[in-house]
């Protein structure tokens, strides 16, 4: 199947699936929505595989869009993201059949819009000109906004999340629009082929890059534009959360790679130092917030900010080394770091799909997202617990998880950049290594908490004690995601040809294959190798030896666990998510600034006798509280002033329109 027919199939299947889900009876909606989502994802994945195998595709459809033409152009970079989005969509589509079925039917809009959302995401990286890209980006944004709001009748928090998401996604769109329109106007055309050949002044190039980085960074959830993630991901239906976190946010990374390293052809080192700094801040802040979060889906949302931050560290460092010999450039390290960033995006898509689907399975069974109220699920939902554990191991970047492989590559690229004589590189690379190391350590604590508190020990609520395993289609989808994670962990070298073709589509980075090998993963041009398969084998042998020694070689005796003088442990004695994170909360108190409250209730007979003590601790998003209230207050004041202009006078409206036209003409004349 050619790339063009596959993409056409995505549109047709998604359209028919959406129509069928909207008009079908409630009991059939989940099946139609799930199958059409999976089918559209499969076709998108096939297009991606074809592009990564060396094929390209381009076409234009005149007069399809107002004042422009629809343009499609697929290369290896587009293909990789089509494959990523398509793979996530297949798993989510299968999962949707069980999630919305069996008496848990979701809203008509949620199921009908799901395949359209998938189609828009797949087509975004296939756009070949500015207008097509912006139209598809906006369709994706509108579909995702409607999906976030799908359950607004059930919880008031959904509406608040929708408002935040709508505002942030359209603010990001505005930045992208301004940057790309400025780019196209100066280039004399809007097709990507024309933009690549444009000779822009350094000032215009830098302005374009900063604008698009702000816009794409907001979609990727980079700080301080991340505030929509921890609000919208928990409130959206779990299949939607998985698509947004595992697939949609990656398009922010795609945009920076496409515009910064392809269309603009790279740029000065300060561009990429900015990307590196923002990525590092996002990784650290995201993992800190995830470490103290008690809402399981909110924890996973902040983890997305962390992992996208790690990918942007790779892009920033790679862009610095790709800046040229005069600026301390090193194409070998640039290709390795960009490859590590892209591979980490693929790995994150795999394990974050698995984790969000696992969280959805828990939510569907118990109605709970609060880790403090869960526990004991490993006995009641063993398949979900085991599969969530695979995702947690990968997200913690511990071997043999797939997150370990890409973070190891990232650290290798950063460490080998240390001997450079350039002062900026000599300072930036050690700090970046420290950020990655600290992030990895905190990530382990985060997912030990998520799995240990949520699935082990005893249930801390009636809902957790009554939990039941999810339907077969949900478990099957999670199993597919787990198998993909294991495959990415054990044989990452299989992706070397695809990564080489992706790098080949970025002219400022192109430097051959940064990876090679089969069982052993070897780095080209620098010293470094690792064998994930041998690491896995060694861990399995060690585990089997421990089991054998415990069962045969060591004496055993059974006795009651010590419990402060009691004979039986009570759920109130267990660690909660809050208590588990308390030491780290104290260590990072200046950054997190938790709010603590103690309520003491005295006996009615005497104020000296205490009846009960209640302790509450809440950790809000400090960046959100510091930055956004002043912006919102200023916006409200401007809105109040502008509302006075709407007095119903046609003469005033005509005068305002004429004034706006004059301003536009003056600006265009000055910039021409």
### Task
Look at residue 314 and say whether it is more than 22 Å from residue 452 (Cα to Cα), without any contact (Cβ under 8 Å) to a residue 60 or more places away in the chain and buried (at least 24 other Cβ atoms within 10 Å of the Cβ).
no
### Task
Kindly provide the set of residues from the range 496-523 that are within 23 Å of residue 401 (Cα to Cα) and part of a loop (DSSP other than H, G, I, E, B), ordered by number.
514, 517, 518, 519, 520
#### Entry: the range 538-558 residues that are not assigned by TED's automatic domain parsing to the domain that holds residue 400, paired with ones that are surrounded by 10 or more Cβ atoms within 10 Å (Cβ to Cβ) and at pLDDT 70 or above (beta carbon under 9 Å, 6 or more apart)
556/550
### Task
Would you point out which residue out of 214, 158, 148, 210 is at pLDDT below 90 and in a helix (DSSP H, G or I)?
158
### Summary
Here the residues within the range 165-174 that are surrounded by fewer than 20 Cβ atoms within 10 Å (Cβ to Cβ) and in contact with a helix residue (DSSP H, G or I) (Cβ under 6 Å, 6 or more places away or on another chain) are 166
### Summary
Given (1) out of contact with any strand residue (DSSP E or B) (no Cβ under 8 Å at 6 or more places or on another chain); (2) closer than 29 Å to residue 628 by Cα, residue 234 misses just (1)
### Summary
Among the residues of the range 138-175, the number that are free of Cβ contacts under 8 Å to residues at least 40 places away in the same chain and within 30 Å of residue 188 (Cβ to Cβ) is 4
#### Entry: Meets criteria (over 24 Å from residue 180 (Cα atoms), touching a helix residue (DSSP H, G or I) at 6+ places or on another chain (Cβ under 6 Å) and crowded, with 24+ Cβ neighbours inside 10 Å) for residue 293
yes
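Table: residues versus (1) within 23 Å of the chain's Cα centre (by Cα); (2) surrounded by fewer than 22 Cβ atoms within 10 Å (Cβ to Cβ); (3) assigned to a helix (DSSP H, G or I).
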{"site": "383", "(1), (2), (3)": "no, yes, yes"}
{"site": "387", "(1), (2), (3)": "yes, no, yes"}
{"site": "390", "(1), (2), (3)": "yes, no, yes"}
{"site": "399", "(1), (2), (3)": "yes, yes, no"}
{"site": "410", "(1), (2), (3)": "yes, no, yes"}
### Task
Identify the single condition in (1) touching a residue at least 12 places away in the same chain (Cβ under 8 Å); (2) in a helix (DSSP H, G or I); (3) surrounded by fewer than 23 Cβ atoms within 10 Å (Cβ to Cβ) that residue 285 does not satisfy, given that it satisfies every other one.
(3)
### Query
For the range 331-358, which residues satisfy the criterion of being over 30 Å from residue 233 (Cβ atoms) and either at pLDDT 95 or above or buried (at least 24 other Cβ atoms within 10 Å of the Cβ) (or both)?
333, 334, 335, 336
#### Entry: Hits in the range 441-493 - residues which are on the phi < 0 side of the Ramachandran plot and not in a helix (DSSP H, G or I)
456, 458, 459, 460, 461, 466, 467, 468, 469, 470, 471, 491
### Message
I need the full set of residues from the range 588-613 which are within 28 Å of residue 161 (Cβ to Cβ) and in a strand (DSSP E or B), in order please.
### Response
595, 596, 597
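The values are calculated or read from the model by the stated rules, or taken from the named source; none is laboratory data. What you are looking at is a predicted structure, and each value in this text was computed from that prediction instead of being measured. So basically every Cβ, Gly included, is an ideal-geometry build from the backbone, and we count neighbours across all protein chains shown.
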